[in-house]
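Working notes for the structure below.
The values are calculated or read from the model by the stated rules, or taken from the named source; none is laboratory data. On a predicted model such as this, the values are computed, not experimentally measured, just so you know. Neighbour counts run over all protein chains shown; Cβ positions are idealised from the backbone, glycine included.
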């Protein structure tokens, strides 16, 4: 047993209780100010249901896209040497380093009707005003969530890919397997646990995103209003019970996702240990 185990364990539990458990308990306690009928009416009102569909749907779509392209980016960074590789590797972590508000302003500048990219994807609305198809739209939310979720896939898959023994691929090739068969039958099964873990992390991160989305997607109820923005709107109107009721729904979903992530991480460790054995 490590020296000071009881002291450090006590401090750990105290710190987690102070920083995590007490605030979470406060959310549930505040939502209890509503009756069950009021709680159910709040979390199932049309505006909330529309925000759930948008938040979960676009977050899932962004995580799936990152699952594919994150694997490609990790593969390129591990398997190939090229000029500027260190720079590309550093750029992967840019969404981690940027404050979410800065990321939102940057994306809005790029994809607005006068932005570098948005100017090439414009349309005229019913008021005869030129708009970008990205700005204040669900597509804009998708772009923002894809941007902030990519590093989770890359950084989860990259170390596993680096640890794969090249001799396994050489053995498969010597037995007559082509490149696709080597990837599909040898490499992909070893990467699957890490891919699922990275996917769950990217999905969970997208569910709670606020800063980078609000600038590019706007806040149009029933259309481009995500759940975190709806919660902030309720808080601005001093509807604390309604805000915490919606937050509880997101909290429960996030807890389920975190539990899934822990199971996936356990599976990854067990899978890698079995392969090493």
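Given the structure, is residue 110 assigned to a helix (DSSP H, G or I) and either farther than 25 Å from residue 219 by Cβ or touching a strand residue (DSSP E or B) at 6+ places or on another chain (Cβ under 8 Å) (or both)? Walk me through it before giving the result.
On the way: assigned to a helix (DSSP H, G or I): yes; either farther than 25 Å from residue 219 by Cβ or touching a strand residue (DSSP E or B) at 6+ places or on another chain (Cβ under 8 Å) (or both): no.
Taking the combined requirement at face value, the residue does not satisfy it.
The criterion of at least 3 residues that are surrounded by 15 or more Cβ atoms within 10 Å (Cβ to Cβ) is met by the following helices (runs of 4 or more DSSP H) wholly inside the range 5-65: 22-31, 36-43. In summary, residue 132 fulfils each of the numbered conditions (1) without any contact (Cβ under 8 Å) to a residue 60 or more places away in the chain; (2) touching a helix residue (DSSP H, G or I) at 6+ places or on another chain (Cβ under 7 Å); (3) on the phi > 0 side of the Ramachandran plot with the single exception of condition (3).
Can you find even one residue in the range 72-92 that is closer than 30 Å to residue 252 by Cβ and either surrounded by 15 or more Cβ atoms within 10 Å (Cβ to Cβ) or in contact with a strand residue (DSSP E or B) (Cβ under 8 Å, 6 or more places away or on another chain) (or both)? Before the answer, list the steps.
The first filter runs over the range 72-92 and keeps only residues closer than 30 Å to residue 252 by Cβ, leaving none.
Scanning the range 72-92, I find no residue that is closer than 30 Å to residue 252 by Cβ and either surrounded by 15 or more Cβ atoms within 10 Å (Cβ to Cβ) or in contact with a strand residue (DSSP E or B) (Cβ under 8 Å, 6 or more places away or on another chain) (or both), so the answer is no.
The single residue among 230, 207, 235, 258 that is within 30 Å of residue 50 (Cβ to Cβ), touching a helix residue (DSSP H, G or I) at 6+ places or on another chain (Cβ under 8 Å) and modelled with pLDDT under 85 turns out to be 258. When residues in the range 93-111 are screened for being surrounded by 14 or more Cβ atoms within 10 Å (Cβ to Cβ) and touching a residue at least 60 places away in the same chain (Cβ under 8 Å), 7 of them pass.
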